[in-house]
Amino acid sequence: MSNIESKLKVVEQGWKKLKKLSTIPLDLKRVALIRGKNLEYLSDAGNVESLMLYLGLNDEGLEEFPESIHQYCGQGLRIWQYPIQFSKYLIDLGKLKIDSYLEIGIRHGGTFVATVEYLEKFSPLKSAIGIDIIPCPSLLEYKQIQPNAEFVQINTQSKEYQEWLKKHERFDLVLIDSFHEETQCRNEFLSVKDKANIVAFHDIANIKYPGVRKVWDEVKNTNEFECREYIDQYENIDLSYMGIGLAVRKERL
Ligand SMILES: C[S@@+](CC[C@H](N)C(=O)[O-])C[C@H]1O[C@@H](n2cnc3c(N)ncnc32)[C@H](O)[C@@H]1O
């Protein structure tokens, strides 16, 4: 099989899997755990790391999480992140005083909700938009307690998405975390490159997604951004998983 054929096969398998996905409702009562904390508490990486456990983690791909935190998976906000990485990423975002947020690929919506709640503690968000190709009923419910949050069901590889993007002049922060294949990841980056002050990528250190790493390396090589990486790994996990890359436009710093 040629290189192109094997890449197309990966895309095809991915799309088949995607069509079967459904979302699980979030326990949105847990946002009170963030709302109840002061800025001093939320500025400490250790505090935020343990707070994430109580907010609740996703349990898809449980083998990527160390056994010591399995008890926190499959509940609450179902955040699909490593607390050891996401906590440090959030702390840097807090310092950047983000005023608008777009998350591309939200799954159950947990990372979106946690990010919005955390950012709101540091600076008011004018808008927060989560997009996904599959429905996310929890985000409709979330809008009742966070009126600035919005969910848009759309395929980022469609013309409809390009039209939708034209309605938005600027995003302060965009997180790209959808289908982790090189071409789609690059397309998603290029779609927001000129509209975003800050672009984050999930899975830059994930052994399963070399395409994301490749696109991330390209972003670093543009020299337009100051790039930071949150790629700490848990000690008792043999392979490298997840990892967040944060590219901040130099003029935004
Ligand atoms: C890894 S999950 C997102 C996890 C989420 N950001 C979190 O941290 O909890 C990837 C999501 O991307 C969505 N996705 C994949 N391809 C997409 C596309 N072409 N357009 C929109 N969403 C897409 C999938 O439906 C899935 O829900």
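Looking at the chain, send over the antiparallel percent of its DSSP beta bridges, to the nearest 5.
35
Out of the total accessible area of the stretch 59-190 (probe 1.4 Å, heavy atoms of protein only), what percent is carbon and sulfur?
Here it works out to 52 percent.
Using the C-alpha gyration tensor of the chain, what are the square roots of 5 times its eigenvalues, in whole angstrom, with the largest one first?
25, 22, 20
List the longest stretch of the chain that has no exposed loop site; here a site is one of the GluC sites (Glu not before Pro) assigned by DSSP to anything other than H, G, I, E or B, with at most 12 other Cβ within 10 Å.
Between exposed loop sites, the widest span is 1-168.
With a ≥ b ≥ c taken as the square roots of the eigenvalues of the C-alpha gyration tensor of the stretch 59-158, please select rounded if a/c is under 1.5 and otherwise prolate if a/b is larger than b/c or oblate if it is not?
Here the stretch 59-158 falls in the oblate category.
Strictly over 25 Å apart at the Cα level, which of Lys159/Lys193; Lys88/Lys250; Lys88/Lys166; Lys95/Lys126; Lys167/Lys214; Lys29/Lys143 would you flag in this model?
Distance filter (> 25 Å) returns Lys88/Lys166; Lys167/Lys214.
What accessible surface, in Å², does a 1.4 Å probe find on Lys250, ignoring ligands, DNA and RNA and rounding to the nearest 10?
100
Per residue of the stretch 90-100, what does 6.51 cos²θ - 1.76 cosθ + 1.60 with θ = phi - 60° give for ³J(HN,Hα)? Whole Hz please, x for Gly and Pro, Karplus curve as stated.
Karplus values, whole Hz, x for Gly and Pro: 4, 4, 5, 5, x, 5, 7, 6, 5, 10, 8.
How large is the accessible surface per residue of the stretch 87-129, computed with a 1.4 Å probe and reported in Å² as a whole number?
Solvent-accessible surface per residue comes out at 24 Å².
Out of residues 5 or more away from His180 or on other chains, whose amide H comes under 5 Å of its own, with H placed 1.01 Å from N in the peptide plane?
Close amide H contacts, sequence-distant or interchain: none at all.
Where the centroid of each part is defined by its Cα atoms, how far is the stretch 230-253 from the stretch 118-178 in Å?
22
I want to check the label-to-label distance for Glu235 and Ala45. Put each point 7 Å from Cα in the C-beta direction and report it in nm to one decimal.
For Glu235 paired with Ala45, the spin-label model returns 1.6 nm.
The values are calculated or read from the model by the stated rules, or taken from the named source; none is laboratory data. Note that the structure is a prediction, hence the values are computed from the model and not measured. FYI the Cβ positions are ideal-geometry reconstructions off the backbone, even for glycines, and counts take in every protein chain you see. Remember, those area values only see protein heavy atoms, side chains included, never the ligands or the DNA or RNA. Shrake-Rupley method; radii C 1.70, N 1.55, O 1.52, S 1.80 Å.
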